[in-house]
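A.B. asks: Can you read through this structure? Questions will come right after.
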Amino acid sequence: VEMPNVPFPGAQPNCPFVLDPQGYPDGFPAKIWATSLDHDHETPGPPLQQLWIESPHKACRTMQTNQCILAMYSDVHFTRVILRPFGIRIAPASKCLRKIVSVDHHIWFHQPNDDCLLFDSKCLQLHGGRGIVQSRVFSSAGKMVATVVQEGRVEVDSGARLPKPKL
């Protein structure tokens, strides 16, 4: 599988550094770069997101530790990918957003990963308040190191624009 043509962090000014939106007490233990930012948060966008995530403390890591780090970071942005087509923000939260939770999360590790990873994510399905996001994860060398699939449950106020169930 070929890695998408995404500029490496800092290589171009259109790949800004993004802080973690979830407010971890001592700061989020990674640097996160988004390849595009939504300047108008209420305007719907495509159900896609590409993020570079660089984890600190590179010395003395085992392959298992690197896989644990990848697993932790894979949970960071899936909600944004689900909500993007509807112009609903996760942070700061849109007023219509009541709840969003991870229902199921699977990771397939293909090769050892390094410290800087590209998450190429898209929402495959959103229906009846449940969304499925698939991420292909690439090393900085361009090798696909993991595949992540995550399902989330979204609850919004009745006036929101999520697809209605067909039942």
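The values are calculated or read from the model by the stated rules, or taken from the named source; none is laboratory data. Not measured: the values here are computed from a predicted model. For neighbour counting, all protein chains shown are included, and Cβ atoms are generated from backbone atoms with ideal geometry for every residue, glycine included. Accessible surface is based on the protein model in full, side chains and every heavy atom, while ligands, DNA and RNA are left aside. Shrake-Rupley method; radii C 1.70, N 1.55, O 1.52, S 1.80 Å.
A.B. asks: Tell me the net charge near Val103. Cut-off is 15 Å between Cβ atoms, Val103 excluded, with +1 for each Lys or Arg and -1 for each Asp or Glu.
C.D. replies: -1
A.B. asks: Any idea how far apart Gln111 and Met63 come out in nm if each label point goes 7 Å out from Cα toward Cβ?
C.D. replies: 1.3 nm
A.B. asks: Please list the non-local residues whose amide H lies under 5 Å from the amide H of Asp114, H modeled 1.01 Å from N, same-chain partners needing a gap of 5 or more.
C.D. replies: Ser140
A.B. asks: Where does the charge balance sit around Gln150 when Lys and Arg score +1, Asp and Glu -1, over other residues with C-beta under 9 Å from its C-beta?
C.D. replies: Result for the local shell: -3.
A.B. asks: Moving on. Rounded to the nearest 10 Å², what accessible area does Cys96 show when all protein chains are kept and the probe is 1.4 Å?
C.D. replies: About 30 Å², rounded to the nearest 10.
A.B. asks: Can you tell me the length gained on complete extension of the stretch Ala71 to Arg130, counting 0.36 nm per residue apart and subtracting the Cα distance?
C.D. replies: Difference between extended and current length: 19.1 nm.
A.B. asks: Figure the gain on full extension for Ser140 and Ser102 (residue separation times 0.36 nm, minus the Cα-Cα span) and round it to one decimal in nm.
C.D. replies: 10.9 nm
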